[in-house]
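Contents: one structure, followed by commentary.
Read the figures in this text as sums done on the coordinates, not as results from a lab. What you see is a predicted model, and the numbers here were worked out from it, not measured in a lab. Here the Cβ is made from the backbone with ideal geometry for all residues, glycine too, and neighbour counts use every protein chain on show.
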Amino acid sequence: MKLSSVNSLENLNLFCHVSGIITVFLGIIVILMDLAYKDFAHIQVGIFVLATGYSFVKISSKLARILRDEKSYN
C-alpha cells in the first residue's frame, strides 16, 4: 500500500474514532436526560445517536486492524 493511502486511512481512523466517541456520549446524554425528565417522546433519537456513534467506533477499530495488518505485511 502506498504511503499516502496509509496516511489517509490513519486520518480517517482518527476522525471515525473521535466522532464516534463524541456521538456515543451525546446519545447517552440524550437518553439520560429523557429518563431523568420522564419524557419518552424522543428517546428513540438518543438510541439512534448512540447506535450511530457505536458504528463509527466499530469502523475505526476495523480500519486500525487493517492498518496494523498492512504495516506488519510490509
With Cα coordinates, the longest principal axis of the chain makes an angle with the long axis of helix 43-73, in degrees rounded to 10, of 10
For the chain, shape from the Cα gyration tensor axes a ≥ b ≥ c, cut at a/c of 1.5 then a/b versus b/c, turns out prolate
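What are the chymotrypsin sites (Phe, Trp or Tyr not before Pro) within segment 19-63 that DSSP puts in a loop, where the Cβ has at most 13 other Cβ atoms within 10 Å?
Passing both the DSSP loop test and the Cβ count: PHE40.
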Exposed trypsin sites (Lys or Arg not before Pro) being those in a DSSP loop with at most 15 other Cβ atoms within 10 Å, the longest stretch of the chain free of them is 39-74
